[in-house]
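J.: Structure in structure tokens, see below.
We did not get these values from a lab; they are worked out from the coordinates using the rules stated. Note that the structure is a prediction, hence the values are computed from the model and not measured. Reconstructed Cβ throughout: ideal geometry from the backbone, glycine too, with neighbour counts over all protein chains shown.
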Amino acid sequence: MQSKFLTGLIIATVSVASVFHATTASALQLSNSIWSEFNQYVQRERLQLSGAELLELDPASLRWANGVDNAEIYFINEGAGFRNALYYSVNNSPERLIWGDIASPNSILPESNGPLTLGQGFSLGSYQGDTQLSLSLAPNGSSTRRYGAVAANNPDGLQHMVAYNVNAGGENWVLIGFEDLFGPRGATGGENQNSDRDFNDVVVAVRGVTGNAAVGVPEPSAMLALLGVGSFFGLRRRRQSTNEAQ
Ligand SMILES: [Ca+2]
Ligand SMILES: [Ca+2]
Ligand SMILES: [Ca+2]
């Protein structure tokens, strides 16, 4: 009798703890106003993120220099036909999944059965001391192919991740965009996938992380994409409808 009661108590306690955890996790959601501050840089499908007035960062240099409590990453938008997955690692730990199916009914290229809500968050955990963050994209959920911060390590040797410093709601954030298609812009044949190099295939924002300014000249295709949408000359603050698809 007593052990039955104890078992029941333990189950009840575990259930309460699970509910509490689920509630805590699902509470990570950006307000519309903060989400809009990020989404204003997300262009129409097949046009690159518009970040010309922002400080571009080396995506391999992202870190919380003094540790972080409950590091937060938020889904901003996706302009992808692929159902991509995003992984993270800190200080070269084994990679862990953030989202396995980055699709939403309300994104630029929407899927009615996409599981994500625009502005939905995920906790990357708490860390002490200098904490380096790595993100990598698995295109269409590939178990073998990853696109990360270092171009030379990507399967096509090209840049697939861009990062920009953004001040939103009075806080420091980094806005990150991924390109999910293999190969140079417009290239076909072989493994090439006629990439548009729009870097909006998965767009996320990470709170409080910092990085070093990007050095060197952007690759020609990225520069052309930026010039092509007039980002340098007037469309800097253009806002996009969340449903504006190709
Ligand atoms: Ca896209
Ligand atoms: Ca999509
Ligand atoms: Ca793309």
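J.: Obtain the nm distance between the two label points defined at VAL215 and THR144 by a simple spin-label model: each point lies 7 Å from its Cα along the Cα-to-C-beta direction.
T.: 3.6
J.: How many nm separate the modelled label positions at ASN192 and ASN70, each set 7 Å beyond the Cα in the direction of the Cβ?
T.: Simple spin-label model gives 4.8 nm for this pair.
J.: What is the sum of charges, Lys and Arg at +1 and Asp and Glu at -1, for the other residues whose Cβ falls under 15 Å from the Cβ of TYR88?
T.: Working: positive: ARG63, ARG96, ARG146, ARG207; negative: GLU72, GLU95.
Taking every other residue near TYR88 into account, the sum is +2.
J.: Could you list which residues have their amide H under 5 Å from that of ASN172, counting only those 5 or more apart in sequence or on another chain, with H placed in the peptide plane?
T.: HN-HN under 5 Å from ASN172: GLY208.
J.: Turning to a different aspect of this structure: Go ahead and run the numbers for FRET between LEU55 and GLN128, Cβ-Cβ distance against an R0 of 25 Å, rounding to 0.05.
T.: Details: r = 27 Å, r/R0 = 1.08.
Efficiency computed from Cβ-Cβ geometry: 0.40.
J.: Let's test this: bin the Cα-Cα distances of the range 123-180 at 5 Å from zero up to the farthest pair and state each bin's percent.
T.: 4, 15, 20, 21, 19, 13, 7, 1
J.: From the phi of every residue in the range 164-181, what ³J(HN,Hα) in whole Hz does the Karplus formula 6.51 cos²θ - 1.76 cosθ + 1.60 yield, where θ is phi - 60° and glycine or proline is x?
T.: With coefficients 6.51, -1.76 and 1.60, one gets 10, 7, 9, 9, 10, x, x, 10, 8, 9, 10, 9, 10, x, 10, 9, 9, 9 Hz.
J.: Multiplying the sequence separation of SER89 and GLN29 by 0.36 nm and subtracting their Cα-Cα distance, what value in nm do you get?
T.: Working: separation 60, 0.36 × 60 = 21.60 nm, distance 2.18 nm.
Using 0.36 nm per residue and subtracting the Cα-Cα distance, I get 19.4 nm.
J.: Which ³J(HN,Hα) values in Hz, rounded to whole numbers, follow from the phi angles of the range 100-117 under the Karplus curve 6.51 cos²θ - 1.76 cosθ + 1.60, where θ = phi - 60° and Gly and Pro get x?
T.: For the range 100-117, the Karplus curve yields x, 8, 8, 8, 8, x, 10, 8, 4, 10, x, 10, 4, 9, x, x, 9, 9 Hz.
J.: Using modelled backbone amide H atoms (1.01 Å from N, in-plane), which distant-in-sequence or interchain residues come within less than 5 Å of ALA103's amide H?
T.: Long-range HN contacts for ALA103: LEU116.
J.: First check a/c for the range 65-152, with a ≥ b ≥ c the square roots of the eigenvalues of its C-alpha gyration tensor; if it is under 1.5, answer rounded, and if not, answer prolate when a/b is larger than b/c or oblate otherwise. Present the calculation step by step, with values, prior to reporting the outcome.
T.: Numbers: a/c = 2.58, a/b = 1.52, b/c = 1.69.
Oblate is the answer for the range 65-152, as a/c is 1.5 or above yet b/c matches or exceeds a/b.
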